[in-house]
Amino acid sequence: MSKLRTETLAIRLQTERSAQREHSVPLYLTSSFTFENAEHMRAAFTDEVEANIYSRYSNPNVDELLTKMAALEEGEAAWATATGMAAVFTTFAALLSAGDHIVSSRSVFGSTHNLFVNIFPKWGITTDYVDAADYEGYEKAIRPETKILYLETPSNPGLDIIDLERIGEICKRKGVLFVVDNCFATPVLQKPIRFGAHISIHSATKYLDGQGRVLGGIIISTQEIVDKIEGFARHSGPAMSPFNAWVLSKSLETLHLRIDKHCSQALEIAKRLENHPAIDWVKYPFLDSHPDVAIAKKQMTGGGGIVSFQVKGGLEAGRNFLDKLELFSLTPNLGDSRSIATHPASTTHSRLKPEERELVGISDGLVRLSIGLEHIEDIWEDLEQALS
Ligand SMILES: *Cc1c(COP(=O)(O)O)cnc(C)c1O
């Protein structure tokens, strides 16, 4: 057969089946694996034979998920962690040493910001922020000690878009590792490695699961970098549960379908909101009014499922809007089949000072919608009644 396409790989890549010849992969809910004799066990520990030893190191369910994710992201190998934040933390902790420096886009997930500002400095690792689309700024911020350039595109929750190809060129020229949090796009919409990224990171908790059931994180890269990550993770223990890997591997089978629907519904909702009198502005990567729509369309095949907008009237208006929603869930997750609304200024970003929120584009009236898979008219009717 010719080279299989990603929709097919997400369904057909699988670990070896047992003598039962199961069609769907069974759940290997086991903490460890047994050996034929002392020699077999010795050889497994020295990597002379390939064998699962202990589920902190590897597990067939986790392997299947990683094989699929490496194929979807066009990387050589991948590693799984218990949460998305464990994937972000493990990447930096495995690859950096005291004295190393990070250059990051200012528009990053709240907990990632906390790692940079409150945790890594304890170990002598410092970070400088650059405004999301300030390409000269990135170049200027890179110093001899800079090891990693880090960004999210689209960013959470501001939906900033950064030109991956352009940053990829800067990183190549300067010899720094280029790391992308690809959570909002998923490999269906954007493959950062194609644009020069060395590492793509996911919170699998979001679209990869897509149904709000499990937490997980995935790191995709070259074999060489994944070996380094494995060297750190085997002993520090951020492993993904086999159960979560089993859920996530099944979820990948429908990822393309779900993402297509999230995108078409979100685009339609964004267009309708743009024409609504109670709204100041709407941000969505594939709306013509997005300042970087051309870059979004160059590197993504769809705008994703997240829409952000500002209700007229500031903080109180934003909170009132949330209180009036009936169908939408008020919960901090996103990428779910259920539509979700959040108000970042009073929740995820409430600990930032107003000036800091301003810098990352989080105004007081900003509302973030994760458009789900319910009927579009039911989604719209709920938004309309809450805005009226
Ligand atoms: C949710 C999220 C994370 C963290 O993932 P968890 O699975 O919640 O630990 C990291 N980056 C982005 C962009 C996210 O949305």
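The values are calculated or read from the model by the stated rules, or taken from the named source; none is laboratory data. From a predicted model like this one, the values you see are computed outputs, not experimental measurements. Ideal geometry is used to build each Cβ from the backbone, glycine not excepted, and the neighbour counts take in all protein chains shown. With ligands, DNA and RNA removed, areas are computed over all heavy atoms of the protein, side chains included. Shrake-Rupley method; radii C 1.70, N 1.55, O 1.52, S 1.80 Å.
Within segment 13-53, being surrounded by fewer than 14 Cβ atoms within 10 Å (Cβ to Cβ) and in contact with a strand residue (DSSP E or B) (Cβ under 9 Å, 6 or more places away or on another chain) holds for 31, 32.
So for segment 49-64 (the condition being farther than 23 Å from residue 236 by Cα and over 19 Å from the mean Cα position of the chain (by Cα)), does at least one residue qualify? Yes - at least one qualifying residue is present in segment 49-64.
Checking each residue in segment 171-196 for being open to solvent by 10 Å² or more (accessible area, probe 1.4 Å), away from the ligand (no atom under 15 Å from the Cβ) and in a loop (DSSP other than H, G, I, E, B) picks out 175, 191, 196. Where helices (runs of 4 or more DSSP H) fall entirely within segment 243-356, those with at least 3 residues that are touching a strand residue (DSSP E or B) at 6+ places or on another chain (Cβ under 9 Å) are at 255-274, 314-324. Of all residues in segment 246-267, those satisfying the criterion of being crowded, with 16+ Cβ neighbours inside 10 Å and either closer than 30 Å to residue 321 by Cβ or at pLDDT below 95 (or both) are 258, 259, 261, 262, 263, 265, 266, 267.
Residues that are out of contact with any Leu (no Cβ under 6 Å at 6 or more places or on another chain) and free of Cβ contacts under 8 Å to residues at least 40 places away in the same chain were ranked within segment 190-213; the one that is farthest from residue 374 (Cα to Cα) is 196.
Screening the candidates 308, 346 for the property of being open to solvent by 30 Å² or more (accessible area, probe 1.4 Å) and in contact (Cβ under 8 Å) with a residue 12 or more places away in the chain yields one hit, 346. A search for C-beta distances below 8 Å between a residue of segment 8-33 that is more than 23 Å from residue 239 (Cβ to Cβ) and any residue that is aromatic (Phe, Trp, Tyr) and open to solvent by 50 Å² or more (accessible area, probe 1.4 Å), counting only pairs 6+ apart in sequence or on different chains, returns nothing. Counted as qualifying within segment 40-140 are the helices (runs of 4 or more DSSP H) with 2 or more residues that are more than 16 Å from the ligand (Cβ to nearest atom), namely 60-73, 84-95.
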